[in-house]
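In what follows, a structure is listed as structure tokens, so that the remarks can point back to it.
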Number of protein chains: 2
Amino acid sequence: MLKVFSNIHFTPPPIWLMRQAGRYLPEYRALRKQAGGFLNLCYTPEFATEVTLQPIRRFDFDAAILFSDILVLPNALGQKVWFAEGEGPRLDPITNTQALSILNQSATGDIFSKVYEAITRIRSALAPEKALIGFCGAPWTVATYMVAGRGSPDQAAARSWAYNDPAGFQKLIDIITSTTIEHLSGQIKAGVNLVQLFDSWAGSLPEPEFNRWVVEPTIRIVTTIKNRHPEVPIIGFPRAAGVSAVHYCRQTKVDAVGCDTSMPLGFMSGELANTGVVLQGNLDPLLLVAGGNQMRQRIDEILEAMQGKRFIFNLGHGIVPQTPPEHVAELVAHVRSHTSNEA
Amino acid sequence: MLKVFSNIHFTPPPIWLMRQAGRYLPEYRALRKQAGGFLNLCYTPEFATEVTLQPIRRFDFDAAILFSDILVLPNALGQKVWFAEGEGPRLDPITNTQALSILNQSATGDIFSKVYEAITRIRSALAPEKALIGFCGAPWTVATYMVAGRGSPDQAAARSWAYNDPAGFQKLIDIITSTTIEHLSGQIKAGVNLVQLFDSWAGSLPEPEFNRWVVEPTIRIVTTIKNRHPEVPIIGFPRAAGVSAVHYCRQTKVDAVGCDTSMPLGFMSGELANTGVVLQGNLDPLLLVAGGNQMRQRIDEILEAMQGKRFIFNLGHGIVPQTPPEHVAELVAHVRSHTSNEA
């Protein structure tokens, strides 16, 4: 996995899948029940270690990704976060500058220390050739949840705040950005080998706001992390950024970019690859649910388009709960067989 | 408005706004209350005429758009559709090929005839220099609602059906496509001067599915409508299509393309304009809510980027209910003043 970030073409490509630890696995569901809730899994080092390793044991992925959530950060800052069963995350929303006072950057250690303990355990349990990926939400996406108090289809609450009071919203983004830098540094010191920044809602912004709320904070994060830890690759995932992904890669200088399912392969292997980034993606998670010939054909198309590029095989979005685990095994086998046939 | 489709640069650009008739207007809310529900507004020619004309009276837009909804089509085909107050549309979902039998293409006249009566009334009430735009959902987007029974953030139900049973899903798309062609033809015969195809969920599909479920049905619609009514321009709105909007324009041969808020102006005036289409867009509706200097500056940026292009000023998505009507008046005035200053 780590080799993909050198200049050597890597055949077969390394493979891991977003949300590879999750509800589609019976062993995950059993442990979540035992833990009594999602956040307890994240905050109990034994549990976080176990669920992170479960998919590696089953599928021999090239990388483990720290089992976590983008809302661990606002929770560590003091915002109340809970997961309503079957309903997604809920937070006490922060809707104006005054409300920012509840966020306490010096109190994050309580929660973050548990995460770092999990990382140290995972890294020592993981085979040396397997990469461990650190996990963080990107500031814009984290802000959309902090402001709306939940996931929202159009991120209207954060977008409106940003228009009505850009200076106040900038303060929120700055708090998240500096906390993200500290959290990624902490994860790296604890043992992760690379990190991914999840910007799930990057696609909802017009160009000037994309630059201010997505690109600028990411530049700050990448620059600072590169300064402190020049050896650690950073994967950015500006989901649904479309055309703007090229600008994102050039400006932020991320080492790799996650490509969502809607990104055309010709664009990925052309304009996007020309920015110099490693590409990652982008099988549709619903095609993984469907499986069969269709899935294998699409895998072949992706691999053929990415031939000769520095490429990490992944989905274009996270695994969904109804995914049959045997399709995941088939995906891994097919990616590995196809490419070695061609090599 | 109609002149924009000739080769003459049109200064100032024509302006209309998606969902310009709607809940942000007190006169609309009053009429909706009187009508006793959203679908009654669509299906009662007097009401549909009145709400279509309300924003023209107030803001002197260059075009009226038929007040309708993309779910009028499945409803006309026999699918049950209702609007739960404050919750969005609900339908009895169609989830497999057997369930397609409830759809009856020969029974659409009951509902469509009311729509055509409204169009004839609107056209005769509207000043001759104002264009009247016909309204239809595009097959993929309409299918996502028909299959899920409601709006859904990821359109998973339709995407899964399309993967698991492409031949069955093709039948649904074919029914919607041929009904759309009939409905657009009917609207044109009743008096609309151009039409817009709303494909709100075009951005959720990988490239091969985008081609099959978005591009192919749109080609069929555009080709047939152009054959029957060569003088009627067609605006396509493949929201969030990103990079793929170029391919969409080249393949479908729509006359104009609606650009969503996230589309960069340089991409619109460059690659997208080079396909030969008229551009339409793309102010953020939430910036219209915010108003003020920020809004005026963004309008100026859009107009400067579109200078010399065949361009229709619009939003990148529909007006939201909390929009102050005075901001809309200011938007119209600013678009008209800015461009005539430069001319």
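When you look at A:Trp82, is it more than 19 Å from the chain's Cα centre (by Cα) and either surrounded by 15 or more Cβ atoms within 10 Å (Cβ to Cβ) or in contact (Cβ under 8 Å) with a residue 40 or more places away in the chain (or both), yes or no? It is true that A:Trp82 is more than 19 Å from the chain's Cα centre (by Cα) and either surrounded by 15 or more Cβ atoms within 10 Å (Cβ to Cβ) or in contact (Cβ under 8 Å) with a residue 40 or more places away in the chain (or both). Checking every residue in region B:52-74 against the condition of being among the hydrophobic types (A, V, I, L, M, F, W, C), modelled with pLDDT under 95, in contact with a strand residue (DSSP E or B) (Cβ under 7 Å, 6 or more places away or on another chain) and surrounded by fewer than 22 Cβ atoms within 10 Å (Cβ to Cβ) gives zero matches.
Are any of the residues in region A:88-99 in a strand (DSSP E or B), loosely packed, with under 14 Cβ neighbours inside 10 Å and under 18 Å from the mean Cα position of the chain (by Cα)? Taking every residue of region A:88-99 in turn, at least one turns out to be in a strand (DSSP E or B), loosely packed, with under 14 Cβ neighbours inside 10 Å and under 18 Å from the mean Cα position of the chain (by Cα).
To keep it simple, each residue is scored yes or no on (1) free of Cβ contacts under 8 Å to residues at least 24 places away in the same chain; (2) within 14 Å of another protein chain (Cβ to nearest Cβ); (3) closer than 23 Å to A:Arg239 by Cα.
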residue	(1), (2), (3)
A:Pro74	no, no, yes
A:Leu77	no, no, no
A:Thr108	no, no, no
A:Pro139	no, no, yes
A:Thr144	no, yes, yes
A:Ala148	no, yes, yes
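Checking each residue in region A:255-275 for being small (Gly, Ala, Ser) and either out of contact with any helix residue (DSSP H, G or I) (no Cβ under 8 Å at 6 or more places or on another chain) or touching a residue at least 60 places away in the same chain (Cβ under 8 Å) (or both) picks out A:Ala256, A:Gly258, A:Gly270, A:Ala273. The condition of being more than 16 Å from A:Val192 (Cβ to Cβ), free of Cβ contacts under 8 Å to residues at least 24 places away in the same chain, crowded, with 22+ Cβ neighbours inside 10 Å and of a type in the set (A, V, I, L, M, F, W, C) holds for only one of A:Val243, A:Val214, that being A:Val243.
Out of B:Ile70, B:Ile111, one residue alone is in a helix (DSSP H, G or I) and farther than 14 Å from B:Ile175 by Cα. It is B:Ile111.
Does A:Leu265 meet the test of being at the interface with another protein chain (Cβ under 9 Å from one of its Cβ atoms), of a type outside the set (Val, Ile, Thr), surrounded by fewer than 23 Cβ atoms within 10 Å (Cβ to Cβ) and over 24 Å from A:Leu25 (Cα atoms)?
Yes; evaluated as a whole, the condition is true for this residue.
Taking region B:223-247 as the range and being within 14 Å of chain A (Cβ to nearest Cβ) and more than 28 Å from A:Ala156 (Cα to Cα) as the test, only B:His247 passes. Among the residues of region A:275-291, just one is more than 10 Å from chain B (Cβ to nearest Cβ), of a type in the set (S, T, N, Q) and either surrounded by 24 or more Cβ atoms within 10 Å (Cβ to Cβ) or in a strand (DSSP E or B) (or both), namely A:Gln280. For region B:120-140, a residue qualifies if it is surrounded by 14 or more Cβ atoms within 10 Å (Cβ to Cβ) and either under 16 Å from the mean Cα position of the chain (by Cα) or of a type in the set (S, T, N, Q) (or both), and the qualifying residues are B:Thr120, B:Ala131, B:Leu132, B:Ile133, B:Gly134, B:Phe135, B:Cys136, B:Gly137, B:Ala138, B:Pro139, B:Trp140.
Scanning region A:250-272 for residues that are assigned to a helix (DSSP H, G or I) and under 21 Å from A:Val142 (Cβ atoms) yields A:Gln251, A:Thr252.
Among the residues making up region B:181-209, those that are crowded, with 24+ Cβ neighbours inside 10 Å, in a helix (DSSP H, G or I) and more than 14 Å from every other protein chain (Cβ to nearest Cβ) are B:His183, B:Leu184, B:Gln187.
Among residues of region B:293-318 that are more than 10 Å from chain A (Cβ to nearest Cβ), those with a Cβ under 8 angstrom from a residue that is among the basic types (Lys, Arg) and surrounded by fewer than 19 Cβ atoms within 10 Å (Cβ to Cβ), sequence gap 6+ or separate chain, pair up as B:Gly318/B:Arg19.
Condition test on A:Ala167, is it of a type in the set (A, V, I, L, M, F, W, C), within 14 Å of chain B (Cβ to nearest Cβ) and closer than 22 Å to A:Pro89 by Cα?
no
Per this entry, A:Asn274 is not counted among residues that are in contact with a Ser or Thr (Cβ under 6 Å, 6 or more places away or on another chain) and over 19 Å from A:Glu207 (Cβ atoms).
Please go through region B:150-171 and give me each residue that is assigned to a loop (DSSP other than H, G, I, E, B) and without any contact (Cβ under 8 Å) to a residue 60 or more places away in the chain, ordered by number. B:Ser152, B:Pro153, B:Asp154, B:Gln155 - these are the residues of region B:150-171 that are assigned to a loop (DSSP other than H, G, I, E, B) and without any contact (Cβ under 8 Å) to a residue 60 or more places away in the chain.
The values are calculated or read from the model by the stated rules, or taken from the named source; none is laboratory data. Since the structure is predicted, the reported quantities are computational estimates derived from the model, not experimental observations. Every residue, glycine among them, receives a Cβ derived from its backbone with ideal geometry; neighbour counts consider all protein chains shown.
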